[in-house]
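Reviewing the structure listed below.
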Amino acid sequence: MKLILASSSPFRRELLERLRIPFEIMPPELDETPLAGETPQQLTERLAIAKARKIADIEPRALIIGSDQVAVYNGSIVGKPHSHDRAVEQLRAASGKVVTLYTGLALINAVTHRVQCEVIPYRVTFRPLTDEMIESYLRKEQPYSCAGSVRSEGLGISLLEKFEGDDPNTLIGLPLIRLVRMLENEGIRVV
């Protein structure tokens with residue numbers, strides 16, 4: 001059965017390539033606006049499933065992976081900044097604090113309509129950040145499409161002090177440990 005990653009993220013593509021299994025990429029077009037009263041966990045679960053379902057409607061004989069991630073600072077959902085000014089605000093708010101990232105991971109079997117979904121938390125502690133550090137980082141990395149303005153697999157690692165979680169890939173946006181289990185549930189063995 002064909003495996004499809006429902007994502008436009010080059011970071012998720014790179015992570016999935018680590019499993020050395022063939023897959024295709026089909027980016028879903030989807031409104032990612034949170035619903036009123038929706039928790040971060042509910043948002044990432046809903047969007048991960050919606051992304052996979054959107055592709056399942058087009059590819060009815062495939063396994064589709066959907067994933068979504070949000071950062072939570074001080075109890076508020078923080079998405080992708082999309083601009084320099086917003087990234088500065090996000091990093092100032094995260095300075096010296098613990099930030100939780102929630103990654104929703106869904107695997108849909110379009111043939112059987114089976115949906116597997118989990119929301120995986122990952123905690124990151126930021127170093128105290130000066131405006132000079134923030135500006136230098138943003139000029140060099142430009143992480144405007146990364147939740148919370150941090151690209152930890154790049155220069156963003158210099159802004160961080162501590163990681164807490166089961167799978168470091170979760171931080172980048174695709175929890176591979178959980179995904180391997182989901183794939184095995186569908187009969188796909190990675191090793």
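Going by the conditions given, is LEU171 closer than 17 Å to TYR73 by Cα and among the hydrophobic types (A, V, I, L, M, F, W, C)?
Spelling it out, LEU171 is indeed closer than 17 Å to TYR73 by Cα and among the hydrophobic types (A, V, I, L, M, F, W, C).
Identify, please: which residue in segment 151-191 is free of Cβ contacts under 8 Å to residues at least 60 places away in the same chain and hydrophobic (A, V, I, L, M, F, W, C) and is, among those, nearest to PRO40 (Cα to Cα)?
Ranking the qualifying residues of segment 151-191, first place goes to PHE163.
Being open to solvent by less than 30 Å² (accessible area, probe 1.4 Å) and over 16 Å from the mean Cα position of the chain (by Cα) is the filter here; which residues of segment 5-36 pass it?
Selection gives LEU19, ILE21.
For segment 58-78, what are the residues that are closer than 30 Å to ILE21 by Cα and touching a residue at least 40 places away in the same chain (Cβ under 8 Å)?
Answer for segment 58-78, where residues must be closer than 30 Å to ILE21 by Cα and touching a residue at least 40 places away in the same chain (Cβ under 8 Å): GLU59, PRO60, ARG61, ALA62, LEU63, ILE64, ILE65, GLY66, SER67, GLN69, VAL70, ALA71.
Could you list, in sequence order, the residues of segment 144-191 that are under 30 Å from ARG114 (Cα atoms), modelled with pLDDT of 95 or more and not in a loop (DSSP other than H, G, I, E, B)?
Listed by number, the residues that qualify are LEU176, ILE177, ARG178, LEU179, VAL180, ARG181, MET182, LEU183, GLU184, ASN185.
The values are calculated or read from the model by the stated rules, or taken from the named source; none is laboratory data. Since this is a predicted model, take the numbers as computed values, not measurements. Note: ideal-geometry Cβ built from the backbone for every residue, glycine included; neighbour counts use all protein chains shown. What goes into the accessible areas is simple: the full protein's heavy atoms, side chains included, and nothing from ligands, DNA or RNA. Shrake-Rupley method; radii C 1.70, N 1.55, O 1.52, S 1.80 Å.
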